[in-house]
1. Need pairs with beta-carbon distance below 6 Å; first residue closer than 16 Å to R54 by Cα and outside any loop (DSSP other than H, G, I, E, B) and within the range 128-140, second at pLDDT 90 or above and of a type in the set (S, T, N, Q); sequence gap 6+ or separate chains.
2. So how many residues does the range 152-186 have that are among the aromatic types (F, W, Y) and exposed (fewer than 10 other Cβ atoms within 10 Å of the Cβ)?
3. From the list A183, A187, A171, which residue is outside any loop (DSSP other than H, G, I, E, B) and at pLDDT 95 or above?
4. Say whether the condition of being loosely packed, with under 14 Cβ neighbours inside 10 Å, aromatic (F, W, Y) and at pLDDT 75 or above is met by at least one residue in the range 66-86.
5. For the range 100-127, what are the residues that are without any contact (Cβ under 8 Å) to a residue 60 or more places away in the chain and among the acidic types (D, E)?
6. I'd like to check something: does the range 155-163 contain any residue that is within 16 Å of the chain's Cα centre (by Cα) and either assigned to a loop (DSSP other than H, G, I, E, B) or modelled with pLDDT under 90 (or both)?
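The values are calculated or read from the model by the stated rules, or taken from the named source; none is laboratory data. No experiment lies behind these values; they were computed from the predicted model shown. FYI the Cβ positions are ideal-geometry reconstructions off the backbone, even for glycines, and counts take in every protein chain you see.
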Amino acid sequence: DVSIDDTDISLFGGRLTVRKMVAQPALGRALGIGDFDLRFRWRPLLDRRLVLDRVAVEGIDLELRREADGGFVLNGLPLAVAAAPPAGDAGPSAPWGIDVAGLELTNSRLKLVDGEFAALVAVDRLRVENVNSLDPGRAVAFSLKGSLNGAAVSLSGTLRPFAAEPSFAVAAQAQGVALADFAVPAARAGIEGL
């Protein structure tokens, strides 16, 4: 069941806005999005390029849980992960390019649960700018302000995910992070005594 309070679609103008969408599956918890705003361009699709001028999403609440068998459950629904990509008969085709001028996520939460470990990531504001797969030398800028298990966290920096040798630079600030909260996953990695 899906309910939407309001939508504004302009296909010729390349704009889609959705307000207060809630999807309730037969199993699992509801997935809600406060606001979704998308601005895109049609013409680059002919050249196998997806160009998004702006993507803004507000109010997403997700819980991702890892089960004992290694599978993942998102908001109560099991996620199926393909073991191998499907075989295709066609030869190699030109890759699609993606170009995103601005991506913004606000007022959202992600709860990660893996056995005894649980982390709550609250995103006050995540901004990503200048994503362009066809210009691998261009740096993607990002900034994040939020909290991790209630402790204030902020990150900012750049990354080059499409370069021949991907790289990143990040500046991070955290206040009051309890290292003991991460003792279980750290122990799995061979780090003791947090």
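1. Pairs that qualify, where the first residue is closer than 16 Å to R54 by Cα and outside any loop (DSSP other than H, G, I, E, B) and the partner is at pLDDT 90 or above and of a type in the set (S, T, N, Q), are V140/N130.
2. Residues of the range 152-186 that are among the aromatic types (F, W, Y), as a first pass: 162, 168, 182.
With the extra rule that they be exposed (fewer than 10 other Cβ atoms within 10 Å of the Cβ), the set shrinks to none.
The total comes to 0.
3. Details: A183 fails: at pLDDT 95 or above; A187 fails: at pLDDT 95 or above.
Being outside any loop (DSSP other than H, G, I, E, B) and at pLDDT 95 or above holds for just one of A183, A187, A171, which is A171.
4. Narrowing the range 66-86 to residues loosely packed, with under 14 Cβ neighbours inside 10 Å: 67-71, 76, 78-86.
Among the residues that remain, those that are also aromatic (F, W, Y) are: none.
Within the range 66-86 (the criterion being loosely packed, with under 14 Cβ neighbours inside 10 Å, aromatic (F, W, Y) and at pLDDT 75 or above), the answer is no, since none of the residues qualifies.
5. Those that are without any contact (Cβ under 8 Å) to a residue 60 or more places away in the chain and among the acidic types (D, E): E104, D124.
6. Looking for residues that are within 16 Å of the chain's Cα centre (by Cα) and either assigned to a loop (DSSP other than H, G, I, E, B) or modelled with pLDDT under 90 (or both), one finds at least one in the range 155-163, hence yes.
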